[in-house]
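Presented below is the structure to which this report refers.
The values are calculated or read from the model by the stated rules, or taken from the named source; none is laboratory data. If you're wondering where the values come from, they're calculated on a predicted model, not measured in any experiment. Counting neighbours? That spans all protein chains shown, and the Cβs are built from the backbone with ideal geometry, glycine included.
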Amino acid sequence: MSPDGVGTRRSVSPMAPPGVYAPQEDTELLAGALSDEPVPPDAAVLDVGTGSGALAVAAARRGCRVTAVDVSWRAVGTARLNALRAGVPVRVRRGDLFGPVRGESFDLVLANPPYVPAPGGPSLPRGAARAWDAGADGRLVLDRICREAPALLRPGGVLLLVQSALSGPELTVGHLRAAGTKAAVIRRRHISFGPVLRARERWLRARGLLAAADDKEELVVIRAELPV
């Protein structure tokens, strides 16, 4: 969204119409990590897979120069509207992951990608499910972020990423370290199964991703910093 015409910043809850990922526990967990990050005013921030734009708006409220990206036109429109309602400037672009910002660099990258293991082939689904389904191991988008995000970070720049323990946080940390960043899990939270996990609970247990005694899902935030 262009900064022209933006008025007073307002604390409003983001709207999320049908088909746009609404802020949930993973959004809240990542927002907490964002609030703890010592981001300087006017820092360049990228929110990839922005959905409703909740995290982009949170970063913009801190005075950051924020770009938000989503593959869904509906999400793009929603993020623009939520930034307008909050009275903050956010540049919103439609595209696949980092495609719209090739050649740019950022002080902070935020990512809440699809990470839920799902039955079926290796391709991402269409419709609302593409906000959470990410192939049999949940890593279709996570692995791309691990490969591509470090190249977008400025020296000292940080990636904050949220995912499920079902999709291999240790793999994410290992890949990001191999890419030259200092990476570690910085936040954890156990949450009750939502509708998606309840619907495929039997499949997840059959694959060994859930133990018989597991009745909650663990979410983690991974922080990766590019050394100066």
(1) at pLDDT 95 or above; (2) on the phi < 0 side of the Ramachandran plot; (3) of a type outside the set (A, V, I, L, M): which one isn't true of Gly180, the others all being true? (2)
With a cut-off of at least 1 residues that are in contact with a Lys or Arg (Cβ under 8 Å, 6 or more places away or on another chain), name the helices (runs of 4 or more DSSP H) lying wholly within the stretch 139-228. 169-178
Pick from the stretch 147-167, criterion under 14 Å from Glu218 (Cα atoms) and small (Gly, Ala, Ser), ranking: surrounded by the fewest Cβ atoms within 10 Å (Cβ to Cβ): Ala165
Single condition Pro114 does not satisfy, out of (1) out of contact with any Phe, Trp or Tyr (no Cβ under 6 Å at 6 or more places or on another chain); (2) within 25 Å of Val196 (Cβ to Cβ): (1)
Does any residue of the stretch 168-177 turn out to be surrounded by 14 or more Cβ atoms within 10 Å (Cβ to Cβ), closer than 29 Å to Asp36 by Cβ, more than 16 Å from the chain's Cα centre (by Cα) and among the acidic types (Asp, Glu)? no
Just checking, how many residues over the stretch 183-194 are more than 13 Å from Ala165 (Cβ to Cβ) and at pLDDT 95 or above? 3
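Out of the stretch 102-116, which residues are outside any strand (DSSP E or B) and either without any contact (Cβ under 8 Å) to a residue 40 or more places away in the chain or among the β-branched types (Val, Ile, Thr) (or both)? Quick ask: steps written out before the conclusion?
Taking the stretch 102-116 as the starting set, the residues that turn out to be outside any strand (DSSP E or B) are 102-105, 112-115.
Listed by number, the residues that qualify are Arg102, Gly103.
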